[in-house]
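The values are calculated or read from the model by the stated rules, or taken from the named source; none is laboratory data. If you're wondering where the values come from, they're calculated on a predicted model, not measured in any experiment. Virtual Cβ from ideal backbone geometry, glycine too; neighbours counted across all protein chains shown. Each accessible area value is taken on the protein alone, full model and side chains, heavy atoms only, with ligands, DNA and RNA left out. Shrake-Rupley method; radii C 1.70, N 1.55, O 1.52, S 1.80 Å.
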Amino acid sequence: MTIGRRLAAALIAAAVLLAACGGDTSVGSDELRSFEEQEAGEGRLGETTTTAVDLGSGPLSEEATPDTAPPETAPPATTAPPPPPPPTTAPVDNAAITIAIRSDDFSPQFNPSVARVFAGSVVRWVNEDSEVRSVNAGDGSFASGDIAPGGTFERRFDQPGIFDYRDGTRPYVTARLEVLE
């Protein structure tokens, strides 16, 4: 294509565009384009205006009359929040470990059969058997006496050491407690 033909094609395209646009090249409504009629500073294109309503100055509608105006309401009453519920006090379990004393149907009969606690801890033995049982240290340092079924025996161990013990009613049932520093 020669330069003359390109130029002719461009001129034809420009003429078609101008013809398509017509004589009126304005965009939008006449109301938006009439800036001259608007007061300076009010309602300009792109500005945002808000209308405030004074709710305390009287009726809100034309139909309302002084007799039907909404009643004035008092500010909501402030009340103190209810007091918190009293704390629930569960029984304090001061035992560091609980050792079950069980019947010969179970193995081990002292469960756990080897237990470890720190010095100052309380150890609790619970008789889960249907017979009276007891806990006796091999060195004689503690003895529970009879523990009825469902009963307990507790002892605080303040000194570190190893304590082998047995069931006084069944000498073959033995266990060990290790008290650590």
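When you scan the range 139-153, do you find a residue that is closer than 20 Å to Asn94 by Cβ, open to solvent by less than 60 Å² (accessible area, probe 1.4 Å), touching a Pro at 6+ places or on another chain (Cβ under 7 Å) and in a loop (DSSP other than H, G, I, E, B), even just one? No, that holds for no residue.
When Asp105 is tested against (1) surrounded by fewer than 13 Cβ atoms within 10 Å (Cβ to Cβ); (2) in contact (Cβ under 8 Å) with a residue 24 or more places away in the chain, exactly one condition is not met: (2).
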